[in-house]
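The values are calculated or read from the model by the stated rules, or taken from the named source; none is laboratory data. Source: prediction; values computed, not measured. No Cβ is skipped: glycine too gets one built from the backbone with ideal geometry, and neighbour counts run over all protein chains shown. These accessible areas exclude ligands, DNA and RNA; they are computed on the full protein's heavy atoms, side chains included. Shrake-Rupley method; radii C 1.70, N 1.55, O 1.52, S 1.80 Å.
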Number of protein chains: 2
Amino acid sequence: MTRIDLPRTDVGPCESFGERWTKLAAERSALCLGVAPSSSWLARWDLTDDVRGAAAYCDRILRAATGVAAVKVQVPFFARFGPEGLDLLARFTERCHEHGSLVVMDAKVGDADDTMHAYADLYLGPGSRLGGDAVTANAYMGLRSIHPLAVRAGQVGAAVLVLVRTSNHAAEEVQQASSTDDRTVAQRLADDVAAWNHAQAPDASWGPFGAVVGARLPESADLVARLPRCVVEVPGLGRPDRATAEVLAAVPDGRGDALLTITSGVLRHGPDVGALRTALEAWRERIRP
Amino acid sequence: MTRIDLPRTDVGPCESFGERWTKLAAERSALCLGVAPSSSWLARWDLTDDVRGAAAYCDRILRAATGVAAVKVQVPFFARFGPEGLDLLARFTERCHEHGSLVVMDAKVGDADDTMHAYADLYLGPGSRLGGDAVTANAYMGLRSIHPLAVRAGQVGAAVLVLVRTSNHAAEEVQQASSTDDRTVAQRLADDVAAWNHAQAPDASWGPFGAVVGARLPESADLVARLPRCVVEVPGLGRPDRATAEVLAAVPDGRGDALLTITSGVLRHGPDVGALRTALEAWRERIRP
């Protein structure tokens, strides 16, 4: 039997999320805008607490944020409106894509087996219901339970951002517990994310796993260092209780794959579209290396 | 000013989930039927992998399971169909309620702050979008991050079932890590769930927190013992890789607030409604104390 040698190629079926993100971040800055149509934000912007109010909220953000590299949508604030909320989220995502922004679905999914395929069908890639570019995930059931989601993410150029360390105080009881070998749960998770990515993409491009690391020094810098060639989302920029220097210190200079999320720091300047845009521009300049 | 003394009453605005569940379990048995319209289940039942197929799947289950005390719906298998999937889930829940069954929303939610209110608006109680009686939750961000959801659950007679220990192997790396004082993360979580419930309901009725404890001995028996007066869901009944005796051994005799979930053990007898009903009846008899 003749063995047919196909030409070897390192180009996958689509560009990875890591490649897409680093290019875009270099062009537009690493700023990601958080989008949270919660009851309290709608009230502050003088909008009704229903799907119409949420749509108006999204519309203002879109008009202000045309040049932003990424938006992170907090899925429960859409899902709380039921089917209409998911419709709004799908439309909002489409419009973000028209502006060239990537969309991170902050849904913190965590489960096992087939549910991971269900989450991929819902959240990840152009063929999914919501069309996101990345989804956040929770590894309480073990990182291996999320592998199938990361595999699917890799196939469509999307990413799974695993919650490694969150900055809320309550999180310590789980995330700072001791793993078998003197590392914390968060440290072990970071190492496992990096190892799995490296095994998937040994040519040092980005694997489909990324991470979420809350900005609290010195832990955040240690964890980020354990995650080479992973897109690391660092939330908390612009929060009144968090120094900007502390957030930025989590990410070393020249690390082009960090994703720095700001929510209230920009949104509190709304609902005026011009004021939102000015605030966003100022933050973009501020974090540019 | 005259102070009006209202008659003191120990009756809350509504009966707690724990009270509702123990009564129903005593009447109907503690069996809970898992509902998972995944691609693979729809294929096995010769149904199309779309929302119509899922609706037909739900319809068969409803016809077979009119007398079951509770159903546990795996939310991602509905949500994967987008808005139409949520619509189907809301209708399915309504029909389960018409049969007097309680509905557990298996969504494994975990987040902080306002998102917990969003999850309550979506999942918990008659005023919510999906109208569930309980929702599963993930405490990777710390149990305190879920407190607001439990408070809301208590107000509407619903429950939050916290994943304490899951039976998948990958889960050990997080759930068996050592907390500060020689307890595992899972043990500490169980103790904290019980303590919080007790503080909410010191009269020894059920608080709004429950727990999910995967059936693996000896851990499961230890964890269940740490959770007095908590509704404890034990999944895994009828799975080919799990002995029924092991699942039942997790729950001591006479503990009326356990919730024993069976999924494939019943569903593999489908799609014939009569065969499903027969399998369900047989399992009900089998677990009756």
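Between B and A, roughly 4300 Å² of accessible area is buried in total, ligands, DNA and RNA not counted and the probe set to 1.4 Å.
Between helix A:273-287 and chain A there is an angle of about 40 degrees, using the helix long axis and the longest principal axis of the Cα atoms. Here's how it looks for residue B:32: its modeled amide H is under 5 Å from those of B:260, B:261, B:262, which are all 5 or more places away or on a different chain.
Scaled against the 2.2 N^0.38 Å expected of a compact globular protein of N residues, the Cα radius of gyration of the range B:17-287 reads 0.95. Distance from the Cα centroid of the range A:224-280 to that of the range B:117-176 is 29 Å (rounded to whole angstrom). Between copies, residue A:91 shows label-point distances of 2.3 nm, shortest first, with the point placed 7 angstrom from Cα along Cα to C-beta. Taking A:275, A:171, A:243 as the candidate residues, the one with maximal mean-square fluctuation in a Gaussian network model of chain A, Cα springs under 10 Å, is A:171.
Of all the options A:258, A:65, A:249, the one that moves most in a Gaussian network model of chain A with Cα springs shorter than 10 angstrom is A:249.
How far, in degrees from 0 to 90, does helix A:83-98 lean away from the longest principal axis of the Cα atoms of chain A, to the nearest 10? It is inclined by approximately 80 degrees. Go through the range A:168-184 and flag every residue whose accessible area shrinks by 20 Å² or more with all protein chains in place compared to the isolated chain (probe 1.4 Å). Buried-area filter returns A:168, A:170, A:173, A:174, A:175, A:177, A:178. Tell me, which residues of the range A:142-160 get at least 50 Å² less accessible area when the other protein chains come in, versus the chain alone (1.4 Å probe)? By number: A:144.
Counting only protein heavy atoms and a 1.4 Å probe, the range A:13-115 has 35 square angstrom of accessible area per residue. Evaluating 6.51 cos²θ - 1.76 cosθ + 1.60 at θ = phi - 60° for every residue in the range A:47-52, the Karplus couplings come out as 10, 6, 8, 8, 5, 5 Hz, glycine and proline recorded as x.
Burial annotation for the range A:28-45: no residue shows an accessible-area loss of at least 50 Å² between the isolated chain and the complete set of protein chains, computed on heavy atoms with a 1.4 Å probe. When the alpha carbon coordinates of the range B:173-218 are projected onto the principal axes, the ranges are 35, 25, 15 Å, largest first. Within the accessible area of the range B:17-287, the carbon and sulfur atoms contribute 49%, probe 1.4 Å, all protein chains present.
Relative to the other identical copies, residue B:67 shows label-point distances of 6.9 nm, where the label point lies 7 Å from Cα along the Cβ direction and values run shortest first. Computed per residue of chain B from DSSP H runs no shorter than four, each worth -39500 (n - 2.57), the mean residue ellipticity at 222 nm is -12000 deg cm²/dmol.
Position residue B:168: other-copy label points at 2.2 nm, ordered by increasing distance, label point 7 Å along Cα→C-beta.
Along each principal axis, taking the top coordinate minus the bottom one, the Cα set of the protein assembly as shown gives 97, 67, 49 Å in descending order. The H on the amide N of residue A:233, modeled in the peptide plane, is under 5 Å from the matching H of A:211, A:212, A:213, A:259, each at least 5 residues off or on a different chain.
Roughly what % of DSSP beta bridges within the protein assembly as shown run antiparallel, to the nearest 5? Spell out each step's value before the answer.
Working: 3 of 65 bridges.
Of those bridges, close to 5 percent are antiparallel.
Do any GluC sites (Glu not before Pro) in the range A:74-156 lie in a DSSP loop with no more than 10 other beta carbon atoms within 10 Å, and if so, which? Filter output for the range A:74-156: empty list. Once backbone amide H atoms are built at 1.01 Å from N, residue B:206 has B:19 as its partners under 5 Å, excluding neighbours fewer than 5 places away on the same chain.
Here's the list of lysines a cross-link from residue B:72 could span, going by alpha-carbon distance under 28 Å and ignoring same-chain residues fewer than 8 apart: A:108, B:23, B:108.
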